Every structure is written in structure tokens, then in C-alpha cells.
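Below is one structure, written out as C-alpha cells; comments come after it.
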Amino acid sequence: MNLTIAPTSPAVNAAAPAASSFEAQRAELDDRVREALAMGGEAKLAKRRAGGHLNARERVERLLDAGSFNESGMLAVSAVPADRARSPADAKISGTGRIDGRRVAVVSNDMTVMGASSSAVNMRKIARLKESATRSGMPLVFLGESSGSRVPDSLGAEAMAGAGQDPQQYCRRREIPWVSAVLGPCLGSSTWYTCLSDFVVMRKGAFLAVSSARVTSLAIGEAVDPEELGGWKLHAEQTGLVDLVVDSDEEALAAIRRFLSYLPSHAGARPPSLPAAEAVAPDAEKLVELVPSARGKTYDMRKVIAGIVDEGSFFNLKDRFGRAAVTGLARLGGESVGIVASNPMFKGGAMDPEACRKVSAFLVMCDSFNIPILFLVDTPGFLVGIEGERKAAPAHIMNMIHAVQLCSVPKLAVILRKSYGQAYINMGGGRNSDEAAAWTSADASFMDPQIGVSVLHGIQREDDPERFDQLKAELARDTSAYALAGAFGVQAVIAPQQTRSWLIDALAAHRRERNGGIGQHEMRAWPTYL
């Protein structure tokens, strides 16, 4: 068959300019995307690489599963016309992606663009992402690094009138987990969202404060050391704002992934679990070697925890703060659990105000996200003294027991050696846990018998050793694990080697199946820092 091509119709000719127009528009789009991806320019990016730090987009790539990021607001720019050409993505990269297959939302501050300063446009980006993450039930991650509010945009009454238009901007109801990484200088919104987060990881060399060292120096009229004002040692050891300190961006991003692996995506779900068959049980016999039978000898409770939970699963939080207490996440038979323990290695395990604050905050997080609590107890009570009273020790003790009693997740307690006074109650004693066990070495009383002799009889051992020991024996006669079990103060007396199996069985028995393992979340709006 002989085929000929028909002449081009007028309709086709009319469409040609339209096609050309779409090609031009696509070219413009590609150019704008390239400009956004170029961030603050190669010179600034090269400087970051030379300093060993990832840029904002590299951080997102390392945090999320490969190829999963869906950016929102890539083409946003400053609302100030003169700044539009130099504000790609308006300094904050935002969007959603996946971590281990689960959806998350992320904001990554771009210091190469106007110091990642906060502006009207990029704050709208954050607000929209917060809303959608909460509505859809996905964790929200802030990769913090910011110079604070954008000046001069934020100066003047008109600019201030535009602020504070969201009356719920800084409310935390813990509907979804919030996570923050302090990866450079953090001022303004980066500081505020960090303080509101459930988990904070900080890279050494980063900085977190209300104002920069320069502004603070000008305000108070004296030189200020940035490290003392907002460095990692301050926040890890004194303020308790930081849960974990790392050496690099990569370590920080890995820590975020690990933290989220223990939590559900939202408050209406159980934490993810691993197949019990994959859980490796540590050698239970080592527990006997780790814990001295003599009550006066110290040991490291962190090693005991590692000897009970699934091998390699213990994730210690705030390890440098309130060290008389240990808090952390772990797995037991593949299930996520929260650990609250006293640590005789520090202050003999006597709980001070910092330890109480640390425990209270951890209980709030676990209860908000349906994570069962395990108490491991070896404490002589609360630390007494002038310093503690000046730090409002009674109020912190009451905050802690208030948090314990509001917890609606399963709570289990094991007394290893000592459990004295009010700390017995705060650490899950009585009905403050669903079920409790005591090691055969456990000892429970209102106070240490040795102190009791001095209080009741007014003598020290050096005054009359024979009489002192006699009186001490009388006070100690009914403090054993068997006396406590006899009064039904604990539901079982166990050998150390039985701890793991007892906890796994008790956890299975108290899973709250009637409500699907979801707690009442009475502490969902508890302040993030007290």
C-alpha cells in the first residue's frame, strides 16, 4: 500500500507555539529547582565539607531511607523582594520520607542560606508540616542549626504584630514523637523546638542558647565563652536538655533512627516489636557476678540492665545528667520497654533532684507513647542535705511520684538489694507497679538499719560496737525479701538469674489487651522541663 503524509492541519500548527511555551516553562522550572538545590552556593558548601559537617540536604538524605524524601516548599523564598534571589527554600528544607519503612516528617535548617534564620515564610513551612505530621500520625524530626530570627525583617512593631498568630505554636500534647538534633549554632526556633522535643541529640562543637555569645556579651557587658553559655557539657551534664552527645552529624542521624525504632509513630499505636525469636538473651549467670551481695559495695547498674534486656538493645538516655538514676529504652523479648533504675555507682544510688527530674521526664515520654516501664531498684532513698533542699528536692520527689502514679502503661519492679523510705514508693513499690519481685538479696525498710540505730538510740558504732551491732540486728530482722513477700509487698522472690524470664512473663500478663495496649495519656501535656 502506498502511504502519503497528509499536510499539517491548521489545528496542529496552532498547537506548536503552546508546546514551545510548555518547554520554556519546564526549562524555567528546572532552573528554579537547580537554584534551590544549590542552596547557599558552592563556596559555602565547600566550607562545610572542609569543616567535616554535612549540609542540610545531605543530612536529610542520611537520615531517611534512600529515595524516600518528598520535599514540601522547595521553591519557597523570602517574603522580602530584595532577598528572594538569595533565599532558596527560604533556608529550611522540609518534607516527609521514611525511616525503616515508616513515614516521618523532617525539617532541616540550611545555614548556607541567610544563616537558616527564621522568617514569615519558613515558619509557615514548619507550621504546615507540624499540622500534617500530627494529623497523619508520623514523628517529626528537627535538624537544628540556626542563627535565630531574621534581622532586620523581624524588627519594628509591624513585624512583631505578625508574630504569635498561632496560639498553639508551642503546645506539646505528645500526639506524635518529636526529635531534635543540635548540629551547629541553635538560636531562635531551633532552640525552642529542641526544648519541646522527646529526644535531643547534640554534636560536640554545637551550641544551644537563647542568644548568641556575641549578643549576650553586649547585653551583660562582659565576655562570654560560647561553650559555657550553650555547649554540650552544659546541656548534657547540668541542664539535662540533651539526651545524647555524639561526635559527628552521622552519629546524630543514626541515633535519631535508633531512638524512633523503639517508639510508635503516634500515641494511638503500640511501639513496634521485633520477633521474639530474634531476641538474644544475655548470660543470666553474670548477674550474680555484677551485683555484690554486700549492700555497701557499689556496682554499675547499666551493666546489670545490659545483662537482662535483649542483647545490644539498651539505649541509654541522659547518661551524663542525674547519674544516680538510669533511664533508657530497650527491648525485652523483642518488645520495647522503658528502664528506670537507681545506680549505686553514683551517690550510692541515692536519688537527688536531678535524678528525679530525669526520671519524671522519661516517665512522661513512655506513658505518652505506650511504652511499659521496668523499675530496677537499689537505693538507700533520696539524697538529703542543704544543696538538695535549695534545689526544691521535696517538690521534685513529689513530681516524680505524681508521674509514676499517672502512668497508665504496664509497670513492673524488681528490688535487687536496697529499697528504703519514700524512694521505695517512687520506684514502683506497693501498688505503684502492676507486679513486683525481689531478689533473694533484697532489703526493704523505712531507712538503713545502720542509720536507724543512730536516729533511735543516739549512738554510733564507734561508741559501742557490740551494742550497736545488737541494735542494728534487731532493726534489720524484718527487712528481708521474704518478710516483704510475706506481707505481699512483692508478688515473687526470685534469684538474679530468673530476672529476665520473670519480667518477660509479667510483661505479657499486663499488656492492657482490653484497650489494645494504649494508655490514658494523662501526662501528654506535662511540661517538657521542670
## Note on the structure
With the first residue restricted to the range 74-101 and required to be free of Cβ contacts under 8 Å to residues at least 12 places away in the same chain and farther than 19 Å from Ile126 by Cβ, and the second required to be open to solvent by less than 20 Å² (accessible area, probe 1.4 Å) and among the polar types (S, T, N, Q), Cβ contacts under 7 Å at 6 or more apart or on different chains are Arg84/Ser78
### Message
Are there helices (runs of 4 or more DSSP H) fully within the range 131-234 with at least 1 residues that are of a type in the set (Asp, Glu) and without any contact (Cβ under 8 Å) to a residue 60 or more places away in the chain? List them.
### Response
157-161, 226-230
### Test: residue in the range 338-352 that is within 19 Å of the chain's Cα centre (by Cα), surrounded by fewer than 24 Cβ atoms within 10 Å (Cβ to Cβ) and among the charged types (D, E, K, R)
no
### Message
Test of understanding: among Ala120, Ala82, Ala116, which residue is of a type in the set (A, V, I, L, M, F, W, C), at pLDDT below 95 and open to solvent by less than 10 Å² (accessible area, probe 1.4 Å)?
### Response
Ala116
### Failed item in (1) of a type outside the set (Ser, Thr, Tyr); (2) in contact with a Lys or Arg (Cβ under 9 Å, 6 or more places away or on another chain); (3) under 23 Å from Arg59 (Cα atoms); (4) not in a helix (DSSP H, G or I), with Arg295 passing the rest
(3)
## Note on the structure
Per the filter on the range 92-116, residues of a type in the set (Val, Ile, Thr) and either part of a strand (DSSP E or B) or more than 19 Å from Leu187 (Cβ to Cβ) (or both) are Ile93, Thr96, Ile99, Val104, Val106, Val107
### Query
Does Ala276 count as within 30 Å of Leu54 (Cα to Cα) and touching a strand residue (DSSP E or B) at 6+ places or on another chain (Cβ under 9 Å)?
no
### Query
Within the range 171-223, how many residues turn out to be under 15 Å from the mean Cα position of the chain (by Cα) and on the phi > 0 side of the Ramachandran plot?
1
### Lone qualifier among Val309, Val304 - being in a loop (DSSP other than H, G, I, E, B), of a type in the set (Val, Ile, Thr) and within 24 Å of the chain's Cα centre (by Cα)
Val309
### Query
When the range 243-258 is examined, which residues are found to be open to solvent by 30 Å² or more (accessible area, probe 1.4 Å) and of a type in the set (D, E, K, R)?
Asp247, Glu250, Glu251, Arg257, Arg258
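Looking at Ala66, Ala89, Ala43, can you tell me which residue is in a helix (DSSP H, G or I), at pLDDT 95 or above and open to solvent by 70 Å² or more (accessible area, probe 1.4 Å)?
Exactly one of Ala66, Ala89, Ala43 is in a helix (DSSP H, G or I), at pLDDT 95 or above and open to solvent by 70 Å² or more (accessible area, probe 1.4 Å), namely Ala43.
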#### Entry: helices (runs of 4 or more DSSP H) wholly inside the range 333-439 containing at least 1 residues that are touching a residue at least 60 places away in the same chain (Cβ under 8 Å) and at negative phi
353-368, 393-406, 421-426
#### Entry: Test: Arg214 is surrounded by 15 or more Cβ atoms within 10 Å (Cβ to Cβ) and not hydroxyl-bearing (Ser, Thr, Tyr)
no
#### Entry: Residue ID - nearest to Arg295 (Cα to Cα), chosen from residues in the range 396-446 that are over 23 Å from the mean Cα position of the chain (by Cα) and among the polar types (S, T, N, Q)
Ser441
### Task
Would you point out the residue of the range 505-525, among those that are surrounded by 18 or more Cβ atoms within 10 Å (Cβ to Cβ) and modelled with pLDDT of 95 or more, that is nearest to the chain's Cα centre (by Cα)?
Met523
### Message
Quick test for you: out of Ser94, Ser147, pick the one residue that is touching a helix residue (DSSP H, G or I) at 6+ places or on another chain (Cβ under 6 Å), at pLDDT 95 or above and closer than 25 Å to Val201 by Cα.
### Response
Ser94
### Summary
How many residues of the range 468-504 are open to solvent by less than 40 Å² (accessible area, probe 1.4 Å), part of a loop (DSSP other than H, G, I, E, B) and within 30 Å of Arg270 (Cβ to Cβ)? The answer is 1
### Task
Report yes if Trp232 is within 26 Å of the chain's Cα centre (by Cα), open to solvent by 70 Å² or more (accessible area, probe 1.4 Å) and not charged (D, E, K, R), otherwise no.
no
### Task
From the list Pro264, Pro282, Pro271, Pro292, pick out the single residue that is without any contact (Cβ under 8 Å) to a residue 24 or more places away in the chain, open to solvent by less than 50 Å² (accessible area, probe 1.4 Å) and more than 16 Å from Ala206 (Cβ to Cβ).
Pro292
### Given (1) farther than 26 Å from Ala325 by Cα; (2) assigned to a helix (DSSP H, G or I); (3) over 22 Å from the mean Cα position of the chain (by Cα), index of the condition Leu287 fails
(1)
### Query
Can you find a residue in the range 13-32 that is under 29 Å from Met138 (Cα atoms) and open to solvent by 20 Å² or more (accessible area, probe 1.4 Å)?
no
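Every residue, every condition in (1) in contact with an Asp or Glu (Cβ under 8 Å, 6 or more places away or on another chain); (2) at pLDDT 95 or above; (3) farther than 30 Å from Met523 by Cβ, yes or no:
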| residue | (1), (2), (3) |
| --- | --- |
| Glu158 | no, no, yes |
| Gln168 | no, no, no |
| Gly188 | no, no, no |
| Leu196 | no, yes, no |
| Val200 | yes, yes, no |
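The values are calculated or read from the model by the stated rules, or taken from the named source; none is laboratory data. What you are looking at is a predicted structure, and each value in this text was computed from that prediction instead of being measured. As a convention, Cβ positions derive from the backbone with ideal geometry for all residues, glycine included, and neighbour counts pool all protein chains shown. Surface areas here come from the heavy atoms of the whole protein model, side chains and all, with no ligands, DNA or RNA. Shrake-Rupley method; radii C 1.70, N 1.55, O 1.52, S 1.80 Å.
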